[in-house]
Amino acid sequence: MSNKTVLVTGATGFIAQHIIDNLLSKGYAVIGTARSQSKYQPILDAFKKKYPNANLIFEIVPDISAENAFDDVLKKHPEITAVL
């Protein structure tokens with residue numbers, strides 16, 4: 001199992017979901033970003049069902065075009081070792 005944590009931006013997108021699936025299957029911890037809980041909740045539920053022991057959480061970033069949009073997420077999660 002990996003001890004690395006990957007931040008996946010735009011985690012509700014089609015390609016990002018495939019990346020998350022691949023990362024979780026390899027034991028990575030994943031933090032996804034989404035615009036709202038209603039966007040990410042069905043995805044989180046599906047991955048938790050497929051990978052019951054997965055370390056997957058989501059953080060809300062309502063406007064990725066805002067200056068420093070991801071700063072709070074990066075400060076909150078110093079364990080992040082890679083950003084996609």
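Throughout, read-outs are computed from the coordinates displayed, never taken from laboratory work. Small disclaimer: the values here were computed from a predicted structure and weren't measured. All Cβ positions, glycine included, derive from the backbone under ideal geometry; neighbour counts span all protein chains shown.
About the Cα centre of the chain, what is the dipole size in debye to 20, counting +1 per Lys and Arg Cβ and -1 per Asp and Glu Cβ, all else neutral?
Details: 9 positive and 8 negative charges, 76 e Å.
Taking the Cα centre of the chain as origin, the dipole is about 360 debye.
What angle do you read, to the nearest 10 degrees and between 0 and 90, between the alpha-carbon axis of helix 14-25 and the longest principal axis of the chain?
Helix 14-25 sits at roughly 50 degrees to that axis.
Just order 38-49, 65-76 by mean Cβ neighbour count inside 10 Å, highest at the front, would you? Walk me through the intermediate numbers first.
Working: 38-49: 13.9, 65-76: 10.9.
So the order, starting with the most tightly packed, is 38-49, 65-76.
Helix 37-50 against the longest principal axis of the chain: what's the angle in degrees, Cα atoms only, rounded to the nearest 10?
20
Return the label of the correct value of Rg and Dmax of the Cα atoms in Å, as calculated from the structure shown, out of (i) 15.0, 49; (ii) 12.0, 35; (iii) 14.6, 43.
(ii)
If you rank V61, V8 by fewest surrounding Cβ atoms within 10 Å, what's the result? Working shown, then result.
Values: V61 20, V8 24.
So the ranking, lowest neighbour count to highest, is V61, V8.
Find which of S25, Q37, T5 sits farthest along the positive direction of the dipole of the chain, computed with +1 on the beta-carbon of Lys and Arg, -1 on that of Asp and Glu, about the Cα centre.
Going by the Cα projections, it comes out as S25.
Okay, helix-only estimate at 222 nm for the chain: each DSSP H run of n ≥ 4 adds -39500 (n - 2.57), divide by all residues, round to 500 deg cm²/dmol; what do you get? Let's see the in-between values first.
On the way: 3 runs with 32 residues, N = 84.
Helix contribution divided over all residues of the chain: -11500 deg cm²/dmol.
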